[in-house]
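Chemist: Mind looking over this structure? Questions follow.
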Amino acid sequence: MEKSASERITSALFVVIVSLFFLLPIAWLFLAPFDGQPTYRLKLSDPSLNNFREMSQNPYAYRSLLNSAIFSAGTGLVIILIGAPAAYVLSRVKFKGRDVFLYFLLLFSSVVSGSAAMVPLFLLALRFNILDTYHGVIFILAGGLLPAAIFILKDFTDSLPRSYEESAKIFGASSFRILKDIVAPVIRPGLAVIFVWAFVQSWGNFLIPFIIIRDINKQPAAVMMYSFYTEAGDAVIRTVAAFGLLYTIPVLLMYFYVNRKYGFRFYGGIKG
Amino acid sequence: MSTVNIKGITKVFPNGVRALDNLDLEIKDGEFFALLGPSGCGKTTLLRTLGGLESATDGHILIDGNDVTRTSAGDRNVAMVFQDYALYPHMNVKENIQYPLKIRKYPKDECERRVNMAAKALSIENLLDRKPGQISGGQQQRVAVARAMATTPNLYLFDEPLSNLDARLRLEARSFLKQLQRELGVTTILVTHDQSEALALADRMAVMELGKIRQVGSPVEFFHRPANLFVASFIGSTPMNLLEGVVQGKDLKIGEAKFALPAHVSKEVSTGAKIIMGVRPEYVSVSKSSGSGVFSGKVKITENLGTHYLVLIDADGNVVRGTVPDGSEPSIGEVIHFKPDPERTLFYDTKSGELI
């Protein structure tokens, strides 16, 4: 049935309002840092770079961005190093209850790094003596993301024809060689997607580093942002705006790079 | 340069499927051997077991007299061409051909020499820099064969290498494979479900059914003397006439028609026994008169096969197929007489299905 004109106008209006609701904060993110007197309004009345100058005076600002990069890249690497072989095995070895196992993994993955597990995680970190360390944060973040990563990577590996590995096997290649020469290069788009996904997830994570990290020199950007407040508890908009933009850009660049090179997708299907 | 001996090979999969059931097979040096059968008959499992991709549950495989049953795939010096060719999409053609040589740690100039030799033999020299995704199916097949060839194996294993090609290219690739195999003289085992492929390519072949070998022999033997009803109905582009009759003395009665049994058959059967007469449509021709040794009936269907017509008649409820030369085909409904060539007529036991 054809929709009437009024129905179409209503639905279009609805879409516009919803889009505006989500687009306005993003527009603010790009305008406010360059406004000399930023408020919560969307404006660019007094263009300047003063906000960035002010932010730079915070001795921990750039350091925290570097820390974020260490946490995120570290988590991404751990996920690839553990997740890819695990996914490969789960894809190639059939055992009883494999699918149930995979779904359970996925189901409980949100629990590991979720707020419900904070106390046990803190106690574990204390016992393992990894409080206030980079690898402590990386292991916990990776632990939380691994199940979903394995689940997605398994899908990529499933779409890799078995004949690739079998032919290499007949030529005399070892299992490790097959993994390195054949499997890894062919599923590289999948690995890139998972790396970026893990990177972004860790980049935006606040709770884990907030709990594990004590030393302000090791704090990531997400936690750093929390300190841009006056003693009265109001946000220092000038710093928050400038820092917020810097905080966003690496993630955006990474997304565009991967999307351009491989296409962002969460399923397998490799064409020859 | 290799013989293959298969002795009592059995493969039972973990789910209980018996894919290979106590097979014995001997493949001679330099032979082009085809394994033919319907899907699920175990032919691919047998090939994969020879290649070392599946481990046999029981039995032995000997290549050149050496027991390789428990030897790993990489140490058997066999090369396998897969149905999907298994070319690595991230390597170009040259790297693909070179990959097995690199694994075997050949020196660089030796790799180079072998790649060039294989590329030349398969006339793919102009494709060396391309990726597998950028070349046609026929070219991909040649690359896969070149990659197998470059390793100078003792044994080639081909798993339905022609099935991904379109009909025209398939014929071309078929002649090409046969010629190549002749030139190289390397023992080759081909798996196919296409009987015309097996008949055209193989020096000898085996037909498999349900994990068992039903007949081994040359393509000519398969065509002229199928050893049992399964092979008889499986081989041949037009299905063989298989008609059941009752033995009466030294004759076989099929409906109203009567056929004299050859001496070696009549001494094996007694009056009242039911046996099956098998004769290829190609050996059934039109006879002017009715009488003994002839089927009579109305023409039901005629099919144009080019130089011949395939004609189906209804002889007392039995469908009999025969061939009639182009130009003298009968019209539908006409009553004609079909005479099977007694020299080419075979008799099978109804119960066991074996040739008498």
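The values are calculated or read from the model by the stated rules, or taken from the named source; none is laboratory data. Computed from a prediction, not measured in an experiment: that's the story for all the values here. Don't worry about glycine lacking a Cβ; one is built from the backbone with ideal geometry, like all the others, and counts go over all protein chains shown. Surface areas here come from the heavy atoms of the whole protein model, side chains and all, with no ligands, DNA or RNA. Shrake-Rupley method; radii C 1.70, N 1.55, O 1.52, S 1.80 Å.
Chemist: If residue A:82 satisfies all but one of (1) over 25 Å from residue A:246 (Cβ atoms); (2) part of a loop (DSSP other than H, G, I, E, B); (3) touching a residue at least 24 places away in the same chain (Cβ under 8 Å), what's the number of the condition it fails?
Modeler: In the conditions (1) over 25 Å from residue A:246 (Cβ atoms); (2) part of a loop (DSSP other than H, G, I, E, B); (3) touching a residue at least 24 places away in the same chain (Cβ under 8 Å), residue A:82 misses (2) alone.
Chemist: Also, I was wondering about something else. When you scan region B:317-334, do you find a residue that is within 16 Å of residue B:259 (Cβ to Cβ), surrounded by fewer than 20 Cβ atoms within 10 Å (Cβ to Cβ) and either touching a strand residue (DSSP E or B) at 6+ places or on another chain (Cβ under 8 Å) or assigned by TED's automatic domain parsing to the domain that holds residue B:280 (or both), even just one?
Modeler: Yes, region B:317-334 has at least one match.
Chemist: Open to solvent by 20 Å² or more (accessible area, probe 1.4 Å) and over 21 Å from residue B:228 (Cβ atoms) - does that describe any residue in region B:275-285?
Modeler: Among the residues of region B:275-285, at least one is open to solvent by 20 Å² or more (accessible area, probe 1.4 Å) and over 21 Å from residue B:228 (Cβ atoms), which makes the answer yes.
Chemist: Then there is this: Report, by residue number, each residue of region A:153-189 that is at the interface with another protein chain (Cβ under 10 Å from one of its Cβ atoms), aromatic (Phe, Trp, Tyr) and free of Cβ contacts under 8 Å to residues at least 12 places away in the same chain.
Modeler: A:171
Chemist: Filter region B:128-150 for residues that are within 26 Å of the chain's Cα centre (by Cα) and more than 14 Å from every other protein chain (Cβ to nearest Cβ); which is most open to solvent (accessible area, probe 1.4 Å)?
Modeler: Filtering first and then ranking leaves B:142.
Chemist: Name the single residue, out of those in region B:81-104 being aliphatic (A, V, I, L, M) and open to solvent by 10 Å² or more (accessible area, probe 1.4 Å), that is farthest from residue B:161 (Cα to Cα).
Modeler: Restricting to residues being aliphatic (A, V, I, L, M) and open to solvent by 10 Å² or more (accessible area, probe 1.4 Å), the top hit is B:103.
Chemist: Now a separate question. When you scan region B:153-168, do you find a residue that is open to solvent by 60 Å² or more (accessible area, probe 1.4 Å), under 16 Å from residue B:198 (Cα atoms), in a helix (DSSP H, G or I) and out of contact with any Pro (no Cβ under 6 Å at 6 or more places or on another chain), even just one?
Modeler: Yes; the residues of region B:153-168 include at least one that is open to solvent by 60 Å² or more (accessible area, probe 1.4 Å), under 16 Å from residue B:198 (Cα atoms), in a helix (DSSP H, G or I) and out of contact with any Pro (no Cβ under 6 Å at 6 or more places or on another chain).
Chemist: Then there is this: Sort through A:195, A:206 and tell me the only one that's of a type outside the set (D, E, K, R), within 14 Å of residue A:68 (Cα to Cα) and away from chain B (no Cβ under 14 Å).
Modeler: A:206 is the lone residue from the list that is of a type outside the set (D, E, K, R), within 14 Å of residue A:68 (Cα to Cα) and away from chain B (no Cβ under 14 Å).
Chemist: Residue B:351 passes all but one of (1) buried (at least 17 other Cβ atoms within 10 Å of the Cβ); (2) free of Cβ contacts under 8 Å to residues at least 12 places away in the same chain; which number fails?
Modeler: Against the list (1) buried (at least 17 other Cβ atoms within 10 Å of the Cβ); (2) free of Cβ contacts under 8 Å to residues at least 12 places away in the same chain, residue B:351 comes up short only on (1).
Chemist: Checking the condition over 21 Å from residue A:73 (Cα atoms) and assigned by TED's automatic domain parsing to the domain that holds residue A:85, which residue from A:177, A:214 passes?
Modeler: A:177
Per-residue answers, yes or no, for (1) assigned by TED's automatic domain parsing to the domain that holds residue A:134; (2) within 25 Å of the chain's Cα centre (by Cα); (3) over 30 Å from residue A:186 (Cβ atoms):
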{"position": "A:30", "(1), (2), (3)": "no, yes, yes"}
{"position": "A:34", "(1), (2), (3)": "no, no, yes"}
{"position": "A:68", "(1), (2), (3)": "yes, yes, yes"}
{"position": "A:76", "(1), (2), (3)": "yes, yes, no"}
{"position": "A:93", "(1), (2), (3)": "yes, no, no"}
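Chemist: Which is modelled with pLDDT under 90, open to solvent by 80 Å² or more (accessible area, probe 1.4 Å) and among the charged types (D, E, K, R), of A:92, A:53?
Modeler: Just a single option satisfies the conditions, and that option is A:53.
Chemist: Then there is this: What single numbered condition from (1) out of contact with any Asp or Glu (no Cβ under 8 Å at 6 or more places or on another chain); (2) open to solvent by less than 50 Å² (accessible area, probe 1.4 Å); (3) within 30 Å of residue B:148 (Cβ to Cβ); (4) touching a residue at least 60 places away in the same chain (Cβ under 8 Å) fails to hold for residue B:232?
Modeler: (3)
Chemist: Condition first: charged (D, E, K, R), in contact with an Asp or Glu (Cβ under 8 Å, 6 or more places away or on another chain) and at pLDDT 90 or above. Can you find one or more residues in region B:102-123 that meet it?
Modeler: Looking through region B:102-123, none of the residues is charged (D, E, K, R), in contact with an Asp or Glu (Cβ under 8 Å, 6 or more places away or on another chain) and at pLDDT 90 or above.
Chemist: Which ranges mark the strands (runs of 3 or more DSSP E) fully within region B:29-127 that have 3 or more residues being of a type in the set (A, V, I, L, M, F, W, C) and away from chain A (no Cβ under 14 Å)?
Modeler: B:32-36
Chemist: A further question follows. Could you list, in sequence order, the residues of region A:1-43 that are among the acidic types (Asp, Glu) and either at positive phi or open to solvent by less than 80 Å² (accessible area, probe 1.4 Å) (or both)?
Modeler: Selection gives A:35 alone.
Chemist: Just one of the numbered conditions (1) modelled with pLDDT of 90 or more; (2) within 30 Å of residue B:77 (Cβ to Cβ); (3) surrounded by fewer than 17 Cβ atoms within 10 Å (Cβ to Cβ) is not true of residue A:210; which one?
Modeler: Only one criterion in (1) modelled with pLDDT of 90 or more; (2) within 30 Å of residue B:77 (Cβ to Cβ); (3) surrounded by fewer than 17 Cβ atoms within 10 Å (Cβ to Cβ) is unmet by residue A:210, namely (2).
Chemist: State all residues of region B:151-181 that are within 12 Å of chain A (Cβ to nearest Cβ) and under 27 Å from residue B:65 (Cβ atoms); if no residue qualifies, say none.
Modeler: B:151, B:153, B:155, B:156, B:157, B:159
Chemist: Also, I was wondering about something else. Taking only region A:90-130 into account, find how many residues are within 17 Å of residue A:202 (Cα to Cα) and touching a residue at least 60 places away in the same chain (Cβ under 8 Å).
Modeler: Summing the residues that are within 17 Å of residue A:202 (Cα to Cα) and touching a residue at least 60 places away in the same chain (Cβ under 8 Å) in region A:90-130 gives 4.
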